[in-house]
Amino acid sequence: MKFIPSQNVASSKITVTTTATALFSLINTAGSVTNSQDYALNQATNGVGIANGILITPEDGDIRLGYGFTPTSTQGTLLSSGTKYLIPNLELKDIKLIRVSGDVATSIDLLQTYPNDNYAACAEAVTLEASSITIGAVTADITKFGGTATTLGQKTKAASMPVTLASDDPAVVDLAAIEVLQTTIAGDTTSIDGKITACDTGAVVVSSGAITETNSAAIKTAVETIDNAISGTEMQVDVVASLPAGTNAIGKLASNSGVDIGDVDVTSTSIDGSINGSGAPTVDSYTTIDINAVTGANQVLVAAPGADKQIWVYGYDFTVDTAETTVVFQDEDDDGSGMPSYTEGFPVNSGVAKNPTGNFAMPQFKVATNKALEVDVTTGTIGGSMQYGIISV
């Protein structure tokens, strides 16, 4: 785990307000900067690493955290005043904060964390004694179970020792009956209840009673009828009525090369001029745009489409002109939920291509309703194209 140094002193203490706000927006305000997200997520900028964790302490009030959603004063993960929280392995751009009551001064440190980090040092101190365990300021007596004093090990072992049942206990009576039945079967291997004998020879002898079969005549007749329809190894079939004529259906036609079935009229098809999935979206328009030498933060690619409209991106491609260029798609509120984020940095003259999906119901990604599509490009510039549609929702 590594600490990412703050851009300046003021950036290390943010003010969480009554409005749910993205973490990097709060850091921008506190430190009077505009590029805290680029600084935190770009090793080339901060000189340490890529931030994916935070150490956060609400100082004078409770706050709530939303990850991938917008929290309210009553919904979201509660972070209590005066408690330090280490939260690793997150996309920091997806974090939003809101205060529970009153603006809250909150200390914040950015971290680069790893899957094998040990966070034990962040927990309360634990002390184990012979008769007690202490966690933080709370001590518990471990010599008692259910309120009764006991010796650890010996008493718990005794509690699991075998129990002797009374001779008239139902479990003992049933077990005795099973043992008697087992002895009877074992002592007479050629008879069970005197009715079936010589089972080990494969033959069954019914010594009393009778087996009555009432359907043998009907079975015999049915088998003979089937046999009469067979000639050699082939089943004979008689067509007792003429095949339907005209437009009457005669069943499904199978593949049969060389057979002319005449003209076929296709009266309907599931293809309606566009390939739709089960959602069948309402596509107002579809177009391709060029991405020409775009660089910097909050670069608008497609303007907000209007009320009850969304931008759905079906394909895109771009290349970069400078090494370590990062590309992050987002909406006009800097919300990149569900959108591509290439923060690892591209080598010079490299890039990415996502071909159009060919299905209007399956875009590469969507933008929130009536929000413009933007891109943040750091270090270099990008050039390419994008295919998108305006969808009524």
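Taken together, the values in this text are just the output of simple stated rules run on the coordinates, not laboratory data. Computed from a predicted structure; not experimentally measured. Cβ sites come from the backbone with ideal geometry, for glycine too, and all protein chains shown count toward neighbours.
Taking a sphere under 13 Å around the Cβ of P58 and counting the other residues whose Cβ falls inside, with K and R at +1 and D and E at -1, yields a net charge of 0. Multiplying the residue separation of N8 and Y286 by 0.36 nm and removing their Cα-Cα distance gives an extension gain of 95.5 nm.
If a/c stays under 1.5 just call it rounded; otherwise compare a/b with b/c (prolate if a/b is bigger, oblate if not). Do that for the range 2-115, with a ≥ b ≥ c from the square roots of the Cα gyration tensor eigenvalues. Judged from the Cα gyration tensor, the range 2-115 comes out prolate (a/c at least 1.5, a/b above b/c). The modelled label-to-label distance between L165 and V393, using points 7 Å beyond Cα along the C-beta direction, is 6.5 nm. Reported to the nearest whole Å, the Cα centre-to-centre distance from the range 1-68 to the range 221-236 is 85. Label-to-label distance for K84 and A307 is 5.1 nm, based on points extended 7 Å past Cα in the beta-carbon direction.
Each residue of the range 347-353 was assigned a 3J(HN,Hα) from its phi angle through the Karplus curve 6.51 cos²θ - 1.76 cosθ + 1.60 (θ = phi - 60°); the sequence is x, 4, 6, 10, x, 8, 9 Hz, with glycine and proline shown as x.
For the range 100-111, 3J(HN,Hα) computed residue by residue from phi via the Karplus equation (6.51, -1.76, 1.60; θ = phi - 60°) reads 7, 7, x, 5, 10, 6, 9, 6, 9, 10, 8, 10 Hz, glycine and proline entered as x. Across the range 54-64, coupling constants 3J(HN,Hα) worked out from phi with the 6.51/-1.76/1.60 Karplus curve, θ = phi - 60°, read 9, 10, 10, 9, x, 9, 9, x, 8, 10, 10 Hz, and Gly and Pro carry x. Give, in nm to one decimal, the length gained when the segment between S231 and A361 is fully stretched (0.36 nm per residue of separation minus the Cα-Cα distance). Extra length from S231 to A361 when fully extended: 41.1 nm.
By other beta-carbon atoms within 10 Å, ranking V283, V223 with the fewest at the front produces V223, V283.
Residues whose amide H falls under 5 Å from that of D334, counting only those 5 or more places apart or on a different chain, are absent, with hydrogens built in the peptide plane. Of the trypsin sites (Lys or Arg not before Pro) found in the range 1-91, no site is in coil according to DSSP while having at most 11 other Cβ atoms within 10 Å of its Cβ. In this simple spin-label model, placing a label point 7 Å from the Cα along the Cα-to-Cβ direction at both A353 and A293 gives a separation of 2.4 nm. Restricting the calculation to Cα atoms, the range 282-392 yields a radius of gyration followed by a Dmax of 13.4, 40 Å.
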